[in-house]
Amino acid sequence: MPRDHRPAKSVRVLLAEDQGMMRGALALLLGLEADIEVVAQVARGDAIVDRALETRPDVALLDIELPGRSGLDAAADLREQCPDCRVLILTTFGRPGYLRRAMEAGTAGFLVKDGPVEDLAEAVRRVLRGETVIDPALAAAALSAGPNPLTTRECDVLKASVDGATVSDIAGTLHLSESTVRNYLSSAIGKTGTRNRMEAMREARQQGWL
């Protein structure tokens, strides 16, 4: 439907997606809905809050793995700085740990990208009405998977282990002693049932704990 025929009060949507083709397709498809208007598009997680403050969307549709800042971290900031904006996570990675973190961040919904656009548009409307919308299969998987066994510090140490960082590098980055870093790494390896820190990091990412 042409924009001129939109209802007086359209749902204003901010779209955060780092893949240009996917972002453009989503904006186009949502824009075809008579009652939805995409008012902002961003490719980086660290641009979400600023654009939301500028455009005041009703719903923020966020990917998780974004350059600069994750969509989950941005969602928590939106809850504080744009409390009237409902957040809907849309991701390729339907990981139980991501869902739990999304709910903890105050998001209103969590969907995976392989669903039909009609379902996405309806999810946008539903979260605006105050409902919580969660992919049913992912909800069941999250319940069976249980909570994240890693502490915040163990997660920090695993995140800092990327790109071959040494124990000394990690200690310097996190302002910890090397012995403390080794203790956290050992604990994380044990909890993930892996053999070394790289395997532990991969397992934690796969589960959506990082």
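The values are calculated or read from the model by the stated rules, or taken from the named source; none is laboratory data. Quick caveat, the model's predicted, so the values are computed rather than measured. Note that we place each Cβ from the backbone using ideal geometry, even for glycine, and neighbour counts take in every protein chain shown. Keep in mind that these areas ignore ligands, DNA and RNA; they rest on the heavy atoms of the full protein, side chains included. Shrake-Rupley method; radii C 1.70, N 1.55, O 1.52, S 1.80 Å.
What net charge do the residues around THR173 carry, taking every other residue with its C-beta under 10 Å from that of THR173, with Lys and Arg at +1 and Asp and Glu at -1? Its environment carries a net charge of -1.
With each label modelled as a point 7 angstrom along the Cα→C-beta vector, the GLU131-SER179 pair spans 5.7 nm. Summarising the label geometry, the points placed 7 Å from Cα in the beta-carbon direction at MET198 and ARG56 lie 5.1 nm from one another. For the chain, compute Rh as the Kirkwood radius over C-alpha pairs and then the Stokes-Einstein diffusion coefficient at 4 °C and 1.567 mPa s; write the answer in µm²/s, rounded to an integer. So the translational diffusion coefficient is about 71 µm²/s. The range 4-113 gives an Rg/Rh value of 0.95, both radii derived from C-alpha positions and Rh following Kirkwood.
Solvent exposure of the chain amounts to 50 Å² per residue of accessible area, where only protein heavy atoms count and the probe is 1.4 Å. What a 1.4 Å probe finds exposed on the chain is 50% carbon and sulfur by accessible area, rounded to a whole percent. Label separation (GLU80 vs ASP35): 3.4 nm, computed from points 7 Å beyond Cα along the C-beta direction. Across the options ALA34, PRO83, GLY172, the greatest Cα extent toward the positive end of the charge dipole of the chain (unit charges at beta carbon of Lys, Arg, Asp, Glu) belongs to GLY172. The charge dipole of the chain, taken about its Cα centre with unit charges on the Cβ of Lys, Arg, Asp and Glu (plus for the first two, minus for the last two), comes to roughly 340 debye.
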